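So the structure is just underneath, and the comments pick up after that.
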Amino acid sequence: MKPYKIIKTLHLWLGLTVGAIVSFSGITGSLYVWQPEISAYLTNRELNIHNSSKTSYAKSVHTTIKLKEVHGDSIKKLQLPYRKSNYILLTFLNGTTYYYHPKNGAYLGSNLKTDSFFKTLLQLHRNLCIKPYGSYIMGISSLLFCFSILISGFLLWRRSYKKRWKKGFTITWSSSKKKFNYNLHKVAGIYFIIPLIIMSFSGAYFTFYKEYRTLFSVLPDFKIEDTSSLTKIKIGTYFSIEKHTKKLLPKYKLWSIHFPSKKDRDYRFRFINTLEIESGLRKTADIFTDKDLITTKINSFNTDPLSLRATAQMYPIHIGESFGFVHRFLVFICGLIPLALYITGIRFYLFKKR
């Protein structure tokens with residue numbers, strides 16, 4: 001069989017099979033792009049938060065300290081207001097989730113339907129709610145879409161239009177249904193091929209993050225600063241968290257606290273460079289302490305090797321938070337393109353059969 005026939009057959013059958021999975025992943029991903037705004041609006045209504053003005057970070061930290069003192073060792077995880085949310089989230093060891101006002105610590109509610117909906121949506125997007133195999137289905141489908149369907153589609157497009165490039169980028173609106181369907185398929189594919197490659201490649205990271213880090217480890221492995229002296233600093237009591245972490249990580253803000261449990265014996269204080277939706281690099285840091293809150297280990301973006309700093313950007317690139325609103329809108333559109341390609345691809349196949 002000639003190479004052209006092989007590429008054409010590969011593009012056809014992978015498109016008809018893998019294309020269905022990628023289309024579903026794209027739709028769920030497009031919905032999740034606007035999760036901060038939709039969730040904030042619905043959560044405020046569900047929790048009856050009438051004053052939706054953002055609470056200051058310092059006040060949120062102060063309230064967090066008080067909540068820890070009240071609930072003691074029954075907490076599994078504590079999270080400060082993040083992105084568009086305006087509540088402090090407490091997950092308890094028994095699995096329940098409570099929400100508190102960041103300004104006064106007032107109890108707002110538990111196990112929100114909005115929160116549950118978006119958690120389910122995210123699970124559908126990442127693993128079809130089929131653990132652990134669903135994650136591999138989605139990850140492998142993303143890589144096949146990236147390196148087989150899109151690349152083979154480009155090679156077929158190039159073979160047809162290598163001597164008439166302009167026609168390869170345009171649609172003839174007055175053509176027959178069959179021709180119009182084909183033109184729509186080729187134009188949607190060629191215009192969005194680069195964003196789709198980036199989206200599918202970054203999406204597979206959530207399944208194969210270990211392999212990605214190994215792959216990126218070929219990048220220069222250097223550190224910006226030495227943190228060996230920082231590990232000797234004590235976090236101290238909860239009243240001094242903010243003071244001590246300013247010394248350790250002056251450009252970061254406390255994001256969440258993971259408490260000791262049967263699985264993890266130590267505390268983990270997670271920090272991020274911004275709690276808002278902002279463009280730029282995603283920078284996180286983790287301070288690990290023992291039960292006496294004495295620092296045992298620090299992991300920071302500033303001191304991570306270049307390979308880890310590169311893979312850390314997979315999330316903001318995939319979700320659309322690296323280059324502002326335009327990036328988010330582009331990710332939203334890209335999530336719908338696989339479905340358009342899938343429908344027009346099936347129609348093209350049926351037209352040809354007829």
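The number of residues in region 315-332 being touching a residue at least 60 places away in the same chain (Cβ under 8 Å) and in contact with a Pro (Cβ under 9 Å, 6 or more places away or on another chain) comes to 2. Could you tell me whether any residue of region 69-84 is touching a strand residue (DSSP E or B) at 6+ places or on another chain (Cβ under 6 Å), closer than 20 Å to N273 by Cα and of a type in the set (D, E, K, R)? The answer is yes, given that some residue of region 69-84 is touching a strand residue (DSSP E or B) at 6+ places or on another chain (Cβ under 6 Å), closer than 20 Å to N273 by Cα and of a type in the set (D, E, K, R). Tell me yes or no: at least one residue of region 93-115 is part of a helix (DSSP H, G or I) and among the small types (G, A, S). No; the residues of region 93-115 include none that is part of a helix (DSSP H, G or I) and among the small types (G, A, S). From the list S110, S52, the lone residue that is closer than 25 Å to L31 by Cα and modelled with pLDDT of 90 or more is S110. Filter region 269-314 down to residues that are over 21 Å from the mean Cα position of the chain (by Cα) and without any contact (Cβ under 8 Å) to a residue 40 or more places away in the chain and give me whichever is nearest to K54 (Cα to Cα). Here the residue is F288.
Residues that are within 23 Å of the chain's Cα centre (by Cα) and of a type in the set (V, I, T) were ranked within region 323-354; the one that is surrounded by the most Cβ atoms within 10 Å (Cβ to Cβ) is V331.
I27 fulfils the conditions (1) part of a loop (DSSP other than H, G, I, E, B); (2) within 28 Å of the chain's Cα centre (by Cα) except for a single criterion, (1). The strands (runs of 3 or more DSSP E) falling completely within region 203-318 include none with 3 or more residues that are modelled with pLDDT under 90, over 24 Å from T91 (Cβ atoms) and charged (D, E, K, R).
The values are calculated or read from the model by the stated rules, or taken from the named source; none is laboratory data. What you see is a predicted model; the values in this text were computed from it and never measured. Neighbour counts run over all protein chains shown; Cβ positions are idealised from the backbone, glycine included.
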